[in-house]
Amino acid sequence: DQQVKQNSPSLSVQEGRISILNCDYTNSMFDYFLWYKKYPAEGPTFLISISSIKDKNEDGRFTVFLNKSAKHLSLHIVPSQPGDSAVYFCAAQFGTSGSRLTFGEGTQLTVNP
Amino acid sequence: DGGITQSPKYLFRKEGQNVTLSCEQNLNHDAMYWYRQDPGQGLRLIYYSQIVNDFQKGDIAEGYSVSREKKESFPLTVTSAQKNPTAFYLCASGQNYGYTFGSGTRLTVV
């Protein structure tokens, strides 16, 4: 049972434009959501997170939006840069501190110069 | 600097052999995790440990074993029972929310 899904395996955008990566989840008990960025042959690095009590969190060029009623979150990158080309994983966590993360399948973002 | 270290970066194993992947953290995190990534696939949880001397199976534990004798260390053994061991293995640790990942070990069966 895939509780966190990223339905787009890949996304290609032009440099300077907006990148929007989407993620859906099925378990309404998830309390915390995170985005990780991963380059080939490296470990994922934390990008941005959002608590379920918020609907938006912003950090520089990165903004995460959460729609709890739709069980949907999205990551916006504006403006997109070639260095943003990587695989992006959405993850969800229950409210219990230290609980395991559940990851989506990942979306390969390619930003073309 | 605090971090999480996986070694080796690349590992080759002959069929039928067991091999152990190392994972060490100095972040003082209670929880540690092992994930596997295959080409074009997401991160699948193998084993995790939330406290020393205790660990639980994840979603794909068959053919793997772990130990957690020290807070800092969580080695993963890939046994000969694992039918498709060639993959990229990631170790992570966490305390409250989110994880810190290591840089991964690429295991290839030859």
* Please report, in Å, the Rg and the Dmax of chain A, where both are computed over Cα atoms only. => 13.4, 42
* Relative contact order for chain B, counting Cα pairs under 8 Å that sit 6 or more residues apart, in percent -> 35 percent
* Taking A:V78, A:V4 and counting other C-beta atoms within 10 Å, the order from fewest to most -> A:V78, A:V4
* Take every Cα-Cα pair in region B:34-78 and report what % of them are more than 11 Å apart. => 65 percent
* Could you give the Stokes-Einstein D for the protein assembly as shown in µm² per second, using the C-alpha Kirkwood radius, 37 °C, 0.692 mPa s? -> 182 µm²/s
* To do: Run the quick spin-label model on A:H76 and A:S12: label points 7 Å from Cα toward the beta carbon, then report their separation in nm to one decimal.
  => 2.5 nm
* Label-point separation (nm) for B:Q95 and B:F12, each offset 7 Å from Cα along Cα-to-Cβ? -> 4.1 nm
* To do: Assign unit charges at the C-beta atoms only (+1 for Lys and Arg, -1 for Asp and Glu), then state the dipole size of chain A relative to its Cα centre in Debye, rounded to the nearest 20.
  => 120 debye
* **Alpha carbon centroid spacing (whole Å) that separates region B:12-60 from region A:41-113** => 23 Å
* To do: For region A:37-80, evaluate the Debye formula with one uniform point scatterer on each Cα (no solvent term) and list log10 I(q)/I(0) at q = 0.19, 0.29 Å⁻¹, rounded to two decimals.
  => -0.65, -1.03
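Trypsin sites (Lys or Arg not before Pro), restricted to region A:33-113: which are DSSP loop and have at most 15 other Cβ atoms within 10 Å?
Values: sites: A:K37, A:K38, A:K54, A:K56, A:R61, A:K68, A:K71, A:R100; in loops: A:K54, A:R61, A:K68, A:K71, A:R100.
Sparse-neighbourhood loop trypsin sites (Lys or Arg not before Pro): A:K54, A:R61, A:K68.
How long are the semi-axes of the ellipsoid equivalent to region B:10-110, from square roots of 5 times the Cα gyration tensor eigenvalues, in whole Å, largest first?
Its equivalent ellipsoid spans semi-axes of 22, 14, 12 Å.
Dipole of the protein assembly as shown, Cα-centred, from +1 at each Lys and Arg C-beta and -1 at each Asp and Glu C-beta, to the nearest 20 debye?
Details: 21 positive and 20 negative charges, 51 e Å.
In total the dipole reaches around 240 debye.
To the nearest 20 Debye, how big is the dipole of chain B about its Cα centre, given +1 on the beta carbon of each Lys and Arg and -1 on that of each Asp and Glu? Please report the intermediate quantities before stating the final value.
Details: 11 positive and 10 negative charges, 64 e Å.
Charge dipole of chain B: 300 debye, to the nearest 20.
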* **Relative contact order for chain A, counting Cα pairs under 8 Å that sit 6 or more residues apart, in percent** => 37 percent
* Asked: Per 10 Å bin, what is the whole-percent P(r) computed from every C-alpha pair distance within region A:1-63?
  -> 15, 46, 34, 4
* Rank these for me by crowding, A:I18, A:I50, B:I46, B:I4, going from fewest to most other beta carbons within 10 Å. => A:I18, A:I50, B:I4, B:I46
* **Cβ-based charge dipole, the protein assembly as shown, positive-most Cα from B:G58, A:A70, A:G60** => B:G58
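Every read-out reported here was derived from the displayed coordinates using simple, explicitly stated rules and does not represent laboratory data. Predicted model, so just to flag it, every value in this text is computed and none were measured. Reconstructed Cβ throughout: ideal geometry from the backbone, glycine too, with neighbour counts over all protein chains shown.
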